[in-house]
1. Projecting each Cα onto the charge dipole of region 12-400 (Lys/Arg +1, Asp/Glu -1 at the beta carbon, about the Cα centre), which of Phe269, Ser393, Ala335 comes out farthest on the positive side?
2. Considering the chain as a Gaussian network with a 10 Å cut-off on Cα pairs, which listed residue, Gly300, Gly106, Gly313, attains the greatest mean-square fluctuation?
3. Determine the relative contact order of the chain: mean sequence separation of Cα pairs under 8 Å and six or more apart, normalised by residue count, in whole percent.
4. How large are Rg and Dmax for region 12-400 when only the alpha carbon atoms are used, in Å?
5. Sum -39500 (n - 2.57) across every DSSP H segment of at least 4 residues in the chain, then divide by the residue count to get the 222 nm mean residue ellipticity, nearest 500.
6. State the answer as a single residue: which of Ala325, Leu72, Leu304 lies farthest towards the positive end of the charge dipole of region 12-400, with beta carbon charges of +1 for Lys and Arg and -1 for Asp and Glu, about the Cα centre.
7. Just want the answer: with Cβ charges of +1 for Lys and Arg and -1 for Asp and Glu, which residue in Phe81, Ala216, Ser143 is farthest toward the dipole's positive end in region 12-400?
8. To the nearest 20 Debye, how big is the dipole of region 12-400 about its Cα centre, given +1 on the beta carbon of each Lys and Arg and -1 on that of each Asp and Glu?
Amino acid sequence: MSTATPPVSGKLFGLFCLASYLLSLSYGSTFLLSLLISSRGGNEHDAGSVISAAMLSTFAAVIVSGHLSDLLGAARSVALFGVLLVAASLGFALTPGFGHLLLLFGLLLGLGWGVFYTLGPIIVASLVTPTQRAKYFALLSGSMMTGIGSGPLLGRAASAFGYPVTAAFYLAALASLIGVLLFWRLDRQLKQAAVQTTAVSRISWRSAGQVLSSKAVFPIIMVGLGGCVFGGLSSFQTSYAAARSLDYSLFFLGFMSAAISGRMLIAGFVVKRDPFRASCLLSGLMLASIVMFGFVVDSGFTYLLAAVMLGVGYGLTYSVINGLAANEAPNGTTAQSLLLFSLSYFIGVFGFPLLAGKIIVEQGMGTLLLTVLAVASLNWLITVGRLIWRRLSTTRALQRA
């Protein structure tokens, strides 16, 4: 069979991606929390606290997801915990004010999203061969990014039609419910279509140590730093746009369109290139976009351009390092490497908004952008360091020969 031909039917994988898109809407709607909480008298720090509550529950989600997958099957586990995404979206919409009850729904969001986001790539890894992983990870992440980006756009559409922002959360809850039903129904078909199995998906201190002492630690660190950039900018984009008299929907349209088209159309080409060079170039593009947000954006056009650059850089970097995390892991630890990859991402995307909200309230948006710029710079320097180290290693090997 040609490596260009998927061992799983296009219809089955398409339904899997559709279900992933629908569940992702619930997380995408959280980018409207800053707007929702501000309308109720809160501020960015309050919104950051709610979003970061999800970080605590994602630790539990990542740890138990492997055990759940071994016990119930990955798709059934996603379906069961997807119900929590429905509850979280409804909770955000129905809870008055911005009190502690919202923190509870933040915890539910983290549990549901953590299990789904962690087990999704493991399902893909079982459906395709190692040489196909990067391509099909890109298709999955493209579907998820479509849902994530659609969440804030639902809020913008609701405002355009005269509905409150809570309408977006109701729609996200309905979409997630349909996604839950799809995952439940697809469980048997996905198991039958699997071309390989992992001995166990659960993680242990021993397997974690094996992964973190291997080269896979670098993409794991990078996804956490990238999560800080993505979470910090996306969670408070409504505040950034308001401060500059811009329409926040331009950011999500530009970012989502670039990330999706990049992952769907370009990723197949990019993942065949040298992953070290590709990650260096793409993380550099992401760094350049942060410079634009901080010092260049002054109109709708430059705002859209910066969002597109971020979408291409972040979106494609993620696809490349996701494949590296799987392929650089020691034998027999692919699933555990992907679990740690997800955990690192969650620490960044859910943990950083707490700091970001505090920075905005106490120091202003400009200081936040400088902080994000420093994080993106560190991310890029890791790729530069890996390239230099590889060149030195190659030179030493040639000298010994």
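Bear in mind that the values in this text are calculations on the coordinates, not laboratory data. Quantities reported herein were computed from a predicted structural model and do not represent experimental measurements. As a convention, Cβ positions derive from the backbone with ideal geometry for all residues, glycine included, and neighbour counts pool all protein chains shown.
1. Going by the Cα projections, it comes out as Ser393.
2. For the chain, modelled as a Gaussian network with Cα springs under 10 Å, the answer is Gly300.
3. 26 percent
4. Here Rg and the maximum Cα pair distance are 19.8, 72 Å.
5. That comes out to -27500 deg cm²/dmol.
6. Farthest towards the positive pole: Ala325.
7. Toward the positive end, the furthest listed residue is Ala216.
8. With Lys and Arg at +1 and Asp and Glu at -1, about 1240 debye.
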